1. DSSP loop (so not H, G, I, E, B), at most 16 other Cβ within 10 Å: list which trypsin sites (Lys or Arg not before Pro) in the range 228-325 pass both filters.
2. To one decimal place, what Kirkwood hydrodynamic radius in Å is obtained for the range 156-241 from all pairs of distinct Cα atoms?
3. At most 13 other Cβ atoms within 10 Å and a DSSP loop assignment: could you name the GluC sites (Glu not before Pro) in the range 191-295 that fit?
4. If you place +1 on the Cβ of every Lys and Arg, -1 on the Cβ of every Asp and Glu, and leave all else neutral, what size is the dipole of the range 126-218 about its Cα centre, to the nearest 20 Debye?
5. For the range 130-179, state which trypsin sites (Lys or Arg not before Pro) are in a DSSP loop and have at most 10 other beta carbons lying within 10 Å of their beta carbon.
Amino acid sequence: MAAASGSSIGFRKRKRGVLVKCQGDSVVEYKKSFCVCIATRNEISQPTEWYVLNISSTKDEDKAKKEMKRKHLLRNIPIPELRGAYLAFHHDERHPQSGKKPLPILPLITQLNKAPKPPSSRYHGACSAVIGSTIYRFGGSRLNRRWSRKVIYFDSSRPEEGWKRGPDTLCGRVSAATVTLHGKLYVFGGHNPDIHGFFAEFLDTTSLVEEEGKALGEWSTLPQPPCALGFKGLFAVVLDDVGPYAGKILVGSKLTGAIFLYGDTDKLWTSLGSVNFHGRYFSPPIVVDATIYWISFLQKKLYAYDFLRETELSMRIGDFEICSDMNDPRFTSTYINPILLHLTGDIFCVVWRGSDACLHCTKLQVSSVGVIDAAVLCCHSYKFDHEVGLIDCLSLNASLL
């Protein structure tokens, strides 16, 4: 990524040209695991394979050390913004294979074709969510048939048990927004607009009782929002350390830009105004502190919106390889669009499927104080033995794997 023009954020060279933002000598350690949903050419909109992607600071440091030995040229580029642009535009040179060693392959968790029949994976617009090490898949529709209420789940810590049936949702849902909090699975929108009183529902997975390969439990409805968010094009995230909003669920509309908060304890909705997403085609928004981040596919920009200060920042994406896979999404399948993840602090990751059918993880260090700036730190790539499409990356509880 190329830094925004007029930036005052300082960068320095670490050893032989690896760029990091000036944050002192402290090393931020992290280890996160994600469930990668992969589709095949035959069903490009539905995941049929699930893999584990592990991202850690230790692995990034090892990668950076190898890259530092190959970046002598950076010492001759005096301006930080130009060094960042060089790293961004020369993506292929960032991870050449020494000795032509083959790229690693992500460990396969499971294939969905082992699910009970009829598997909800065959329904377009089915939803996915993760609680701990358990993956939930539900909803969707098939052609002109009614929307599905079926739920299936899979515990990645016990892969030998395969997929199982869960309790049906209260109403069928397609492309609904999902989020998990305190062991509860929340679902917003994606329902039939003719059915009133079912804007959202939740399932307390801690109270489920499993009998003969099926989980028994009940979904419950949530209060209606005070103002219509619509029933489609929604997203939902849990807020962490945002003062009085910590632990609440942010629900927004990709179509209207309206954003609301829902309190899990007080059962109340609060309006946060609206945000301009600059079009309908962008990555699923993520929230860090009080800032919403997303990637616009048409503008080819990274956006940051602070909903407390009501301020917006943006910067263009300079990585040609990433941009080449963000053609006009109105004429291409959404499965090739990149996904923005948050690792820790100001460390982010863009997960994307390249034209070479490889899965790439480009790690960034981002600052959005006054201006938005980003430096490409390193990139990891993974090879598949067949052509794949990237659907989603869901956070897993690493301690349960």
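Read-outs throughout are calculated quantities, based only on the coordinates presented, and are distinct from any laboratory measurement. Small disclaimer: the values here were computed from a predicted structure and weren't measured. Note that we place each Cβ from the backbone using ideal geometry, even for glycine, and neighbour counts take in every protein chain shown.
1. Lys267, Arg280, Lys300, Arg309
2. Values: mean 1/r = 0.0698 Å⁻¹.
Computed over the range 156-241, the radius equals 14.3 Å.
3. Numbers: sites: Glu201, Glu210, Glu211, Glu212, Glu218; in loops: Glu212, Glu218.
Passing sites in the range 191-295 are Glu212, Glu218.
4. On the way: 12 positive and 11 negative charges, 94 e Å.
Here the range 126-218 has a charge dipole of around 460 debye.
5. For trypsin sites (Lys or Arg not before Pro) across the range 130-179 that sit outside H, G, I, E and B with at most 10 neighbouring Cβ atoms in 10 Å, the list reads Arg145, Arg146.
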